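The values are calculated or read from the model by the stated rules, or taken from the named source; none is laboratory data. Just so it is clear, the model here is predicted, and its values are computed rather than measured. Cβ coordinates were reconstructed from backbone atoms using ideal geometry, including for glycine residues, and neighbour counts include every protein chain displayed.
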Amino acid sequence: MTIFPLLHDLLDEAAARHPDATAVRRGPGSLTYLQVRDRSMRLARWLADAGVRRGDRVLIALPSGILVPPLLYACSRAGAVFVPLSDGTPEKVAEHVLDDCEPALVLASNEPLRRLAAERGIRCRGLAELDAAAAAGSPPAGPLPSDPACFIYTSGSTAMPKAVVSTQLQLTFAARAIQSRLRYRTDDVVYCPLPLSFDYGLYQIFLCTLAGAELYLADREAAGHRLLVDLATVRASVLPAVPSLAGNLARLLSRRPAELPRLRLLTNTGATMPPRVLADLRAALPGLRVQLMYGLTECKRATIMPEDEDLRHPGACGVALPGTEVFTVDDSGARLPSGEVGEIVVRGPNVMAGYWRRPELSAERFRLASGLFPELHTGDYGWLDEDGYLYFAGRRDDIYKERGFRVSTIEVEAAAHRVPGVRVAAVVPPRGDDEYATLLVVTRLSAAEVLRLLRGELDETKVPARCVVIDKLPLKENGKVARAALARLAGTETSG
């Protein structure tokens, strides 16, 4: 291992240690680590022959498949910046991304995206050309550790997404630091139904490479009614989950299937996992271990819980990654002592380089206060206990006032999940001082019954004034709650 490894160095080491081990699988197709390495070298030469140069952006909007991992490593070898994008991205968003990152090459099977690229004079290739790429010879000169390796576009509810720039050094540090805590194993099969345009899904490639584990790439539909069967069929041992995915797994397990999955580890990030879901999963799968995490695209991961430590530190979401620091500050930027709620700040090599072409926003969020690495001011709020465990209170917009009292959506949602009969709950904060929060729930209870029972779980002053019963929560492609759609439901439905 070099002092400052590049992304493709991780693959080369894995291919040397585990040449014949399965690296990636989808359906009947698979590649070994040696095959991924060889394919990445041919694709790197193919990219160079297609005119891609060091620092150029390559937009990748392909379905999750076994060619995507070698393609990402090929971009690293060529010194190009890969830009993962969902192949189902709305046309207006795709237009924005194309105009913002100005890719030298677009790899897509989506016809509208190919048309948009052609209108801009951008070269576009599809899966057929990618699969047929057989260029031989040495890859082009690679990047420096400080060169950009990846742009990840973060979703925006009221504005177009912005690209978080990750350098080679930041990306490989984050992957190695996360793996040091999760400890994926060589014999693991990591089942990933998350889109690779979602950084949680994307990093499963790199974590598996570090461990020499097998990555099974599932489609989004597999996270539905097929989930339990698929987990058992592929002999999955690790499941990176968001709350909606974990909740669906718990519901399927409650039907007492004939064959249980062999999961040993479930991880979670992106949103707070309801304790009831974890309790149900642990009851159904006694050998399952859980690691909760907190992070943002801007730092990849900030904190990770040790295995099952949520049972001893309920409500916590972990301690800082090795070589990094997490603390809270008040409105003036002064550090706060343990136990006091403030803005969460992350410091260390896991903090990314900033936003592409957004200098004002980068200066606001990424501040070089001291030392070599910038501090990320997350806009999230929480507190740390004396042992360094972080407790997430909510995002800036999740902290609101109800009847004059400060309330966190996280606190209200957790209380609502404790109400018997409530399967899913989410809070839409008030938009102004003269409005009230709305609780949306998936349940067979009436809205009035939910509010009555909620008063037994939460201080009266924090109980939302309105409750709306809905059939299901609106979700994004990555499984997170679609907050804009949720707000529309809160405004158009009637309360009970």
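Suppose we keep only residues that are polar (S, T, N, Q) and more than 20 Å from the chain's Cα centre (by Cα) within the stretch 26-85. Which one would you say is surrounded by the fewest Cβ atoms within 10 Å (Cβ to Cβ)? Once the filter is applied, the top-ranked residue is S30. Could you tell me which residue of the stretch 299-314 is nearest to Q168 (Cα to Cα), considering only residues that are surrounded by fewer than 18 Cβ atoms within 10 Å (Cβ to Cβ) and not charged (D, E, K, R)? Per the stated criteria, the residue is P306. Can G456 be described as part of a loop (DSSP other than H, G, I, E, B) and buried (at least 19 other Cβ atoms within 10 Å of the Cβ)? Taking the combined requirement at face value, the residue does not satisfy it.
So for the stretch 390-399 (the condition being in contact with a Leu (Cβ under 6 Å, 6 or more places away or on another chain), surrounded by 14 or more Cβ atoms within 10 Å (Cβ to Cβ), modelled with pLDDT of 75 or more and in a strand (DSSP E or B)), does at least one residue qualify? Within the stretch 390-399, one or more residues are in contact with a Leu (Cβ under 6 Å, 6 or more places away or on another chain), surrounded by 14 or more Cβ atoms within 10 Å (Cβ to Cβ), modelled with pLDDT of 75 or more and in a strand (DSSP E or B). Counting the residues of the stretch 325-351 that are at pLDDT below 95 and aliphatic (A, V, I, L, M) gives 2. Contact annotation: residue pairs with Cβ atoms under 6 Å, 6 or more positions apart or on different chains, pairing a residue in the stretch 408-419 that is touching a residue at least 40 places away in the same chain (Cβ under 8 Å) with a partner that is assigned to a helix (DSSP H, G or I) and surrounded by fewer than 21 Cβ atoms within 10 Å (Cβ to Cβ), are H417/R276. Only one entry in E307, E340, E325 is touching a residue at least 40 places away in the same chain (Cβ under 8 Å) and within 16 Å of L384 (Cα to Cα), namely E340. Quick check: anything in the stretch 99-120 touching a Pro at 6+ places or on another chain (Cβ under 6 Å) and assigned by TED's automatic domain parsing to the domain that holds P161? No, because not a single residue in the stretch 99-120 is touching a Pro at 6+ places or on another chain (Cβ under 6 Å) and assigned by TED's automatic domain parsing to the domain that holds P161. Criterion applied to A448, A425, A416 was being surrounded by fewer than 22 Cβ atoms within 10 Å (Cβ to Cβ) and of a type in the set (G, A, S), and the one residue passing it is A448. Only strands (runs of 3 or more DSSP E) whose full extent lies in the stretch 222-321 are considered here, and none of them has at least 2 residues that are on the phi > 0 side of the Ramachandran plot and at pLDDT 95 or above.
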